[in-house]
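Peer 1: The structure that follows is given in the form of structure tokens.
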Amino acid sequence: MKINKKIIEELTGYLKEFNLSEIEYAEGTTKVKVSRSINTSTIAPSEVKKKQEAIESNGTNVTSPIVGTAYLASEPGGKKFVEIGQKIKKGQTIMIVEAMKTMNHVPSTHDGTVNKILVKDGEPVEFGQPLVSVK
């Protein structure tokens with residue numbers, strides 16, 4: 001089997017660009033999986049602040065079910081799924097997390113009012129990362 005180094009280099013670039021710990025690519029019978037260990041001491045100060053705000057909030061956090069890219073609207077420039085101060089119902093879509101070109105709707109896990117939106121549109125997110133705080 002001949003290894004295509006270009007694919008591995010591209011995938012490694014995506015790991016760094018989107019701050020992912022793992023990425024997988026498949027084409028026909030070829031499957032390539034690239035992973036890395038993420039050093040948590042290199043988290044940017046803004047990310048630490050967001051995580052602290054999420055922990056300190058009096059609300060309940062809705063977390064990301066997968067690793068991917070968070071989108072606050074269904075299309076660029078479109079109406080956001082939720083806004084701060086908006087009342088939402090359990091099961092209502094609060095945002096989309098894209099993973100491997102698949103758009104995954106993230107439902108609210110609680111009824112309440114949106115207290116904080118903890119991610120920016122187009123921001124990479126990790127599994128279990130707080131996305132929205134609901135009171």
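Quick note: the coordinates plus some simple rules give every number you see, no bench work behind them. Everything quoted here is computed from the prediction, not taken from an experiment. Cβ placement follows ideal geometry from the backbone for every residue including glycine, while neighbour counts extend to all protein chains displayed.
Peer 1: Can you pick out the pairs among Lys89/Lys116; Lys16/Lys87; Lys90/Lys116; Lys87/Lys120; Lys33/Lys90; Lys79/Lys101 whose Cα atoms lie more than 26 Å from each other?
Peer 2: Those over the limit are Lys16/Lys87; Lys33/Lys90.
Peer 1: Still on this structure, please answer the following. Stretch Glu22-Met100 to full length: gain in nm at 0.36 nm per residue minus the Cα-Cα span?
Peer 2: 26.9 nm
Peer 1: Let me ask something additional. Evaluate the distance, in nm, between pseudo-label points positioned 7 Å from the Cα of Thr113 and of Ser74 along their respective Cα→Cβ axes.
Peer 2: 2.7 nm
Peer 1: Then there is this: Would you list, by chain and number, the aspartates and glutamates whose Cα falls below 17 Å from the Cα of Lys135, excluding same-chain residues fewer than 8 positions away?
Peer 2: Glu53, Glu56, Glu83, Asp111
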